[in-house]
Amino acid sequence: MEDLTWVAIRFNTRVDDLIVEGGQVKGVVVSDSNLQPGSVDQKLSFDAVVLAVGHSARDTYSMLLRHNVDITPKNFSVGLRIEHPQELINNIQYSELAAEVHKGRGRIPVADYKIVKSIGEGDVKNDIEQVDQNRSCYSFCMCPGGQVVLTSTNPSELCVNGMSFSRRASKWANSALVVTVSSHDFEPFQSHGSLAGVEFQREYERRAAMMGGGNFVVPAQCVTDFISNKLSVTTLPPSSYRLGVRPSKLHELFPPYITEALQQSITMIDKEMPGFISSEALLHGVETRTSSPLQISRHRETYESTSLQGLYPIGEGAGYAGGIVSAAVDGMYCGFALAKQLSLFAGDIEAIFGKAQKQTGSVKY
């Protein structure tokens, strides 16, 4: 690190491997991301490697395991994405003021919602654990005036997410409704070791792809039919998802402990937001990538991997953040910790960023 006055950004470049010598990372092996892995490899040497991958970097996780990097499964959430007409959500949330809502940046913005429900002991039975367990069901990435979008990374595994354009001018509102799952739920996939949670995701993404019939068509079901455990035989309500939807038995996609938690939570939500259960509301499957299904172990203060010197796993893909802001904060803290380790910074990090709540090496604001 002789010259600190510039930075190089390599586009269309894939990291295929780490360069490891004597138990320490010395750099990365990269190739053109438009070519097959291993094509025209190039070795880049560095004093340290900060690994800031996303939560779907499954090929990177496998590569890290080949280097015996310590990885453990962690809790995350899975479920379905629900979509309503935005006008319906406006009416539920604003009542008589809904008439004053204008698309874009009006005086009264298009309505959104945030929901958390707890399914208590005895409410839902998990046949895997053979014990009752508290679970939470909550809204995730609620997108007012938004659109349901594809997030699959290969054709045989289907998953969705949501987004809103800046003006929030779509006629739909969508949000994930997801249920917490833990390592106990991954027991059927224990043969995959540290990647058991990843395989848990894949299992239900594959089921969703089969239900959709291929070509990234999404399996869908009216909320009223999902609650009643029956196929939506009539015409489905319109969807913002552009690649098509197919009537499916989403109530049969997940294990009963997830399906029942979703059904009970939706019923509870409707009591607080009358009209939430509606023939106009459509469920899309599946939402499985709410956060990383694993955590790459690191030292709490230095942010360095506990099993491989010179590697600094950070952000959402490493299991230390749950969104854009928390991932950015984690990256800033790691940057200063690494700078101190390389004798490039000697001050107090918290004097710059302020006090943060740190638990097991993750930063929470």
- Query: Three principal axis extents, largest first, for the C-alpha atoms of the range 2-80, in Å?
  - Reply: 47, 31, 27
- Task: Amide H neighbours of ILE115 under 5 Å, at least 5 residues apart or on other chains, H built in the peptide plane: list them.
- Result: SER139
- Message: Please give me the summed charge of the neighbours of LEU250: other residues whose Cβ is under 12 Å from its Cβ, Lys and Arg +1, Asp and Glu -1.
- Response: +2
- When the Kirkwood radius is taken over all Cα pairs of the range 76-287, what Stokes-Einstein diffusion coefficient follows at 20 °C and 1.002 mPa s, in µm²/s? 122 µm²/s
- How long, wide and thick is the range 206-365, going by the Cα atoms along their three principal axes, in whole angstroms, largest first? 67, 36, 29
- Message: I'd like the orientation of helix 256-272 relative to the chain: the angle between its Cα long axis and the longest Cα principal axis, in ° from 0 to 90, rounded to 10.
- Response: 60 degrees
- Note on the structure: Spelling it out for SER136: with amide H atoms placed in the peptide plane at 1.01 Å from N, the residues 5 or more places away or on another chain with amide H under 5 Å from its amide H are ILE119, THR180
- At q = 0.14 Å⁻¹, what is the base-10 log of I(q)/I(0) for the chain according to the Debye formula with one equal point scatterer per Cα and no solvent? Please give it to two decimals. -1.22
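Arranged by the count of other C-beta atoms within 10 angstrom, fewest first, what order do HIS84, HIS299 take?
Details: HIS84 23, HIS299 12.
So the residues, fewest neighbours to most, are HIS299, HIS84.
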- Which pairs break 28 Å Cα to Cα here: LYS74/LYS117; LYS117/LYS249; LYS74/LYS230; LYS74/LYS271? LYS74/LYS230; LYS74/LYS271
- Net charge near SER228: determine it from the other residues with C-beta under 15 Å of the C-beta of SER228, scoring Lys and Arg +1 and Asp and Glu -1. -2
- Message: How long are the semi-axes of the equivalent ellipsoid of the range 155-204, defined as square roots of 5 times the Cα gyration tensor eigenvalues? Whole Å, largest first.
- Response: 32, 12, 8
- Note on the structure: Counting sequence-distant residues (5 or more places) and residues on other chains, those with an amide H built under 5 Å from that of SER77 are VAL181, THR290, SER291
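Values in this text are rule-based calculations from the coordinates and carry no lab data. A quick note: this is a predicted structure, and the numbers were derived from the prediction, not measured. Heads up, the Cβs are rebuilt from the backbone with ideal geometry, glycines too, and the neighbour counts pull from every protein chain shown.
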